[in-house]
1. In the set G94, G134, which member is assigned to a loop (DSSP other than H, G, I, E, B), among the small types (G, A, S) and either touching a residue at least 24 places away in the same chain (Cβ under 8 Å) or within 29 Å of P271 (Cα to Cα) (or both)?
2. Restricting to region 140-166, what's the tally of residues that are farther than 25 Å from L219 by Cβ and part of a helix (DSSP H, G or I)?
3. For region 245-279, give me each residue that is without any contact (Cβ under 8 Å) to a residue 60 or more places away in the chain and small (G, A, S).
4. Only residues that are without any contact (Cβ under 8 Å) to a residue 40 or more places away in the chain and either farther than 25 Å from N83 by Cβ or surrounded by 15 or more Cβ atoms within 10 Å (Cβ to Cβ) (or both): list them for region 160-173, please.
5. For region 251-270, give me each residue that is touching a Leu at 6+ places or on another chain (Cβ under 7 Å) and closer than 27 Å to G148 by Cα.
6. Test G105 against the criterion of being surrounded by 13 or more Cβ atoms within 10 Å (Cβ to Cβ), assigned to a helix (DSSP H, G or I), of a type in the set (G, A, S) and not assigned by TED's automatic domain parsing to the domain that holds L228, and give yes or no.
7. Taking A158 as the residue in question, decide whether it is more than 24 Å from E224 (Cβ to Cβ), assigned by TED's automatic domain parsing to the domain that holds K88 and under 28 Å from the mean Cα position of the chain (by Cα).
8. Across region 182-228, which residue is nearest to A248 (Cα to Cα) among those that are surrounded by 14 or more Cβ atoms within 10 Å (Cβ to Cβ) and hydroxyl-bearing (S, T, Y)?
Amino acid sequence: MYKVKTFNAISEKGLSRFDADKYVVSPEQDSPDAYILRSHKLHDEVIPGSVLAIARAGAGVNNVPVDRCSEQGIVVFNAPGANANAVKELVITGMLMACRDISGGVAFCRGLTDMTDDAEMAKLLEISKKNFAGSELQGKTLGVIGLGAIGAMVANVALELGMNVVGYDPAISVEAAWRLSSLVEKMDSLEALMGRADFITLHVPAIAATHHLINEQRLSLCKEGTVLLNFARESIVDNAAVLKALDAGKLRKYVTDFPTAELVARDDVVPMPHLGASTAEAEENCALMAVDQLKDYLENGNIKNSVNYPTAHMPRMGQSRITFSNQNVPKVLGNVLSILADGNINVADMLNRSRGDLAYNIIDVETEVSEDLQAKISTVEGVVKVRVI
């Protein structure tokens, strides 16, 4: 039986994918084989040596100590794209709220509760509606920074709304490029995008390279009255620089899913309480993806959508499967194969993949693998963790 420890409220639709005859799943687990979580922070916690994998039911993994997990041989999964539609819809909502005073109009109507004459109210509404007038999205230019699952969806739907779209992503994957409309104009630099767009939306991960990606220097390149939207991560934007740009008129509105005390009091800021992925559908999709990836790794050793290990998938052959992670240095795989040969173990199929400083191997063999043989493999210099499935 595999033991899975849950943190936060994980969608039951996802958790139901764990087969009851193979898994014990609950928040109270001693020596768990895996974690599944959403926003729970692990940085200050000791992760037991029994943990083989951590699955985050969401895209970002800034609440998981990924480097420490890599050192312990723990595969960290996320669920990229599972909440993309939810975020895409909220980005479009944010753009509409920035160019039309929808919330102001609603608040005005809510304040008319003392009026009882519908005809009188209709006259007042007709006179007052000019106070909430705005502009349309059609014909405006949207700049999309980061063209992954969410960015590509935002770009494509903006085109359907009649907007011009420019995009920047120096690390765009082939898969993401296939999803992106050919009508999106690719920009050579972030600076070039900043000067072209009427609306700028951010869809990049929170990593060291993106900390304060949007800063005073780059905001100075914006056209007067630009709208900035941040549904990615708080750290990507320098709030002090945004406030300066708002005061100077470079930014007309800042729409953010990460409000702070200095932002919420301003009329030119549209703050939202981290609603990006807060839909029932997104939570279900993230949980389903996280659970399926976790199961395939625990049961078969296959890896998909890991943030620290390479993608590795191989159909099962033979009687036993050996998987091991190692430092990406020469001779490790050769030394392991020598141990198998010395033990008269015939290899039916194998796969070796690497990612940065880490490598991962799947070896299917035609016989059972003894504990002594597994122990020998674990002593090979450079090997981090060995499993026999």
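The values are calculated or read from the model by the stated rules, or taken from the named source; none is laboratory data. Every value quoted in this text rests on a predicted model; they were computed, and no experiment measured them. Because the Cβ atoms are built from the backbone with ideal geometry, glycine has one as well, and the counts that use them run over all protein chains shown.
1. G134
2. Qualifying residue count for the region: 6.
3. Listed by number, the residues that qualify are A245, A248, G249, A261, A265.
4. G162, M163, N164, V165, V166, G167, Y168, D169, I172
5. Hits for region 251-270 are L251, Y254, V255, T256, D257, V269.
6. In short, yes.
7. Judged against the criteria, A158 is not a match.
8. Looking at the filtered set, the residue picked out is S220.
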